[in-house]
Amino acid sequence: MRITLSNVTKGPTDSALPLTSLEFESGGVTLARAETERRPTVLGLIASGRMRPDAGTVTLDGRTDYAGLRRHIALVDALGVSEPAADVTVAEVVAEELMFAGRLGHRRAVGQALGELGLADRSRANMGDLAPASRIRLLTELAVRREDVRGIVLTSPDRHGGDPLDWWATAGALADRGYAVLVIAGDASAHAITVLTTLTTLTTLEADL
């Protein structure tokens, strides 16, 4: 599965989303830079088929298919759209997500899901108090349990603080499992990830030599 955004815009060029082109596909993770409060969410909505751009095209495997995008791409933790409320408990979020996935959200199922993610001791914690790395792992893992989800658009994980390399590792692990992953983050996080990627590449080259 390949999602391609070609020269998309939303609103005035200095407002919601300036001219943007990107691509993400099954088995890979793409990092998109987007600063300001609104742009990450707008880009996430467009990339997941939930908002249409004012200009440009969004295609799924070369075709315009917004229904297919909405069915196959989960929009995760988008500010003001799909983020859980800060005062909702972890257990309540898991129960709701399990129901979205067509599964029973009773206490035993919630406990099992949290146990599988190593978060059994955080069930009564508020989402706003969950460590950034745990939050992103929880929300992405719950999203991919939904039927037909084959890709993830993760928006502004850096707004929660923590080490950007943690959520980048989570995104990479999802890509290794075959999901198409798009992460939308700010310049500072993008710089840190670029440095890591460069160092990893250099280490690999030295090992090959």
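Quickly run through region 128-140 and pick out the residues that are out of contact with any Asp or Glu (no Cβ under 8 Å at 6 or more places or on another chain) and of a type outside the set (Gly, Ala, Ser).
ASP129, LEU130, ARG137, LEU138, THR140
Within region 123-136, no residue satisfies the criterion of being of a type outside the set (A, V, I, L, M) and under 19 Å from ILE73 (Cβ atoms).
Checking region 3-10 against the condition returns a match, with at least one residue being modelled with pLDDT under 95 and either surrounded by 15 or more Cβ atoms within 10 Å (Cβ to Cβ) or not in a strand (DSSP E or B) (or both). With crowded, with 20+ Cβ neighbours inside 10 Å, out of contact with any Gly (no Cβ under 6 Å at 6 or more places or on another chain) and over 10 Å from VAL153 (Cα atoms) as the only criterion, which of GLY28, GLY49, GLY62 stands out? The match here is GLY49.
Restricting attention to region 100-120, the residues that are surrounded by 14 or more Cβ atoms within 10 Å (Cβ to Cβ) and either among the charged types (D, E, K, R) or in contact (Cβ under 8 Å) with a residue 24 or more places away in the chain (or both) total 7.
Say we look at region 121-142 and pick out the residues that are assigned to a loop (DSSP other than H, G, I, E, B) and crowded, with 17+ Cβ neighbours inside 10 Å; which of these is modelled with the lowest pLDDT?
Within region 121-142, the subset assigned to a loop (DSSP other than H, G, I, E, B) is 123-125, 130-131.
Pick out the ones that are also crowded, with 17+ Cβ neighbours inside 10 Å and you get 123, 130.
Details: SER123: 91, LEU130: 94.
Once the filter is applied, the top-ranked residue is SER123.
Contact map, region 33-47: first residue among the basic types (Lys, Arg), second residue surrounded by fewer than 22 Cβ atoms within 10 Å (Cβ to Cβ) and in a helix (DSSP H, G or I), Cβ cut-off under 8 Å, separation 6 or more or different chains; pairs are ARG33/ASP187; ARG33/ALA190.
In the set (1) farther than 18 Å from VAL183 by Cβ; (2) under 13 Å from the mean Cα position of the chain (by Cα); (3) of a type in the set (Asp, Glu), ASP61 fails one condition alone, (2). Just one of VAL93, VAL110 is of a type in the set (Val, Ile, Thr) and under 29 Å from ARG38 (Cα atoms); which is it? Only one candidate passes the filter, namely VAL93.
The values are calculated or read from the model by the stated rules, or taken from the named source; none is laboratory data. Not measured: the values here are computed from a predicted model. All Cβ positions, glycine included, derive from the backbone under ideal geometry; neighbour counts span all protein chains shown.
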